[in-house]
Amino acid sequence: MENLDVMVLRALRDWRLAGKRALLATVVRTWGSSPRPVGSIMAMCEDGSVVGSVSGGCIEDDLVYRHKQAMPSGPPAFVKYGVTADEAHRFGLPCGGTLELVLEYDPDAASLQQLVAALEAGRLVRRTTRLSDGAVTLSEALAPEDLRINGELANTFGPEFRMLLIGAGQLTEYLATMALFSGFAVTVCDPREEYRSAWSVAGARVVSDMPDDVVTAFCPDRRSCVVALTHDPKLDDLALMEALKTDAFYVGAIGSRRNNDSRHARMQEHFGLSETELRRLRGPIGIYIGSKTPPEIAVSIMAEILAVKNGVTLPRDMEVAQAKNLRAVEANQPGEVVCGVVSST
């Protein structure tokens, strides 16, 4: 499945290039529980067509009702939903949550075309809208940024999140499928013909080069993850060694705790990696859910990848941080903050 923001912006571009009136809605603030995070976007055409989401559908319905027959013109406008308990109930916002949108009317078609072209080329772009008159400027962003609003609305859009899977086995089929519908572009690497020839998931790219070469060519960045699934050190270790040199937000390998310990020992002895470098290597991968079958294991792995992507601190990460703090205390060094508390003795 394609990156949702790109889908929204491409549809908006097409409407505007066709001379149709349209609006772009952006979630800029939330209070309490909110169905969509800050930065989420939705586009609406004059005929009522909607792409994207700023809620579970209730607010989209209201925007269509308000703007389908008479879409305003002029500078961007602010609108709040869920301010009262009645509105929260009416619009289906959970726990009385409130969100604020900025509505941009008839965004410039040429600017949208430039933005979509940059995103399709794999670039990270900051789109800044002047709230006084709706004028838009585009600039390259070096890293993902939080939405900013202060006289201007600055929202950063990036290419798809990417996943590189080493090994074309049955588990990979399930994980690739889940990653695709979670919005990842998926590449599968396996130089073994007997595995690769029988493997097929629509939408996933399959390559046959050696894993370390594939990782290098893949150029993992902060929107990428690399997962080794072959159980074969000759394939997994080479890929992991290269992946750990990159900015990939997640690098992990399948296997038991014993296998993971053996992998660390091999990579230290034969490749010279330090324990600090190996700390980024996740294993055994997946959140514990008692999984036994390939689809259940894939669910647990995908859940962990999404948690790391979304900045969620997992229990395993807390244990690692607490162990580091204990060593730091024993060495009379500053500890690491875990959930707002610095561990001590």
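When the criteria are applied in full, residue 211 meets the requirement of being more than 21 Å from residue 124 (Cβ to Cβ) and modelled with pLDDT of 90 or more.
Remark: residue 99 falls outside the filter, which requires a residue to be outside any strand (DSSP E or B), at pLDDT 80 or above and under 22 Å from residue 60 (Cα atoms).
When 187, 129 are screened for being under 30 Å from residue 73 (Cα atoms) and assigned to a strand (DSSP E or B), only 129 passes. Summed over the range 132-163, the residues that are in contact with a Pro (Cβ under 8 Å, 6 or more places away or on another chain) and under 24 Å from residue 220 (Cα atoms) give a count of 3. Going by the structure shown, is residue 307 modelled with pLDDT of 90 or more, closer than 20 Å to residue 166 by Cα and among the aliphatic types (A, V, I, L, M)? In short, no. Considering only residues that are in a strand (DSSP E or B) and either aliphatic (A, V, I, L, M) or within 15 Å of residue 3 (Cβ to Cβ) (or both), which ones fall in the range 103-126? Hits for the range 103-126 are 103, 125. Please find, within the range 165-184, the residue that is nearest to residue 38 (Cα to Cα) out of those that are assigned to a loop (DSSP other than H, G, I, E, B) and open to solvent by less than 40 Å² (accessible area, probe 1.4 Å). The residue in question is 183. Within the range 28-81, the set of residues being polar (S, T, N, Q) and within 19 Å of the chain's Cα centre (by Cα) comprises 34, 40, 53, 55.
On the basis of being among the polar types (S, T, N, Q) and open to solvent by 80 Å² or more (accessible area, probe 1.4 Å), does residue 187 make the cut? In short, no. Cβ-Cβ contacts under 8 Å between residues 6 or more apart (or on different chains), taken from a first residue in the range 108-119 that is closer than 18 Å to residue 160 by Cβ and touching a residue at least 24 places away in the same chain (Cβ under 8 Å) to a second residue that is of a type outside the set (Lys, Arg) and part of a helix (DSSP H, G or I), are listed as 115/9; 116/6; 116/9; 119/5; 119/6; 119/9. Condition test on residue 108, is it open to solvent by 70 Å² or more (accessible area, probe 1.4 Å), over 19 Å from residue 44 (Cβ atoms) and at pLDDT 95 or above? No, not satisfied. Those residues that are in contact with a helix residue (DSSP H, G or I) (Cβ under 9 Å, 6 or more places away or on another chain), open to solvent by 60 Å² or more (accessible area, probe 1.4 Å) and more than 30 Å from residue 181 (Cα to Cα), I need them from the range 119-164; list them, please. Result: 137, single match. Determine whether residue 1 is among the hydrophobic types (A, V, I, L, M, F, W, C), modelled with pLDDT under 95, under 16 Å from residue 116 (Cα atoms) and surrounded by fewer than 20 Cβ atoms within 10 Å (Cβ to Cβ). No, not satisfied.
Can you say whether residue 261 is free of Cβ contacts under 8 Å to residues at least 24 places away in the same chain and either open to solvent by less than 20 Å² (accessible area, probe 1.4 Å) or more than 20 Å from residue 182 (Cβ to Cβ) (or both), as far as the supplied structure shows? Considered against the rule, which asks whether it is free of Cβ contacts under 8 Å to residues at least 24 places away in the same chain and either open to solvent by less than 20 Å² (accessible area, probe 1.4 Å) or more than 20 Å from residue 182 (Cβ to Cβ) (or both), residue 261 comes out as yes. A single entry from 55, 40 fulfils the requirement of being open to solvent by less than 50 Å² (accessible area, probe 1.4 Å), within 15 Å of residue 155 (Cβ to Cβ) and polar (S, T, N, Q): 40.
The values are calculated or read from the model by the stated rules, or taken from the named source; none is laboratory data. These numbers come from a predicted model, not from an experiment. With ideal geometry, Cβ positions are generated from the backbone for all residues, glycine too; neighbour counts draw on all protein chains shown. These area figures cover heavy atoms from the full protein model, side chains too; ligands, DNA and RNA do not enter into them. Shrake-Rupley method; radii C 1.70, N 1.55, O 1.52, S 1.80 Å.
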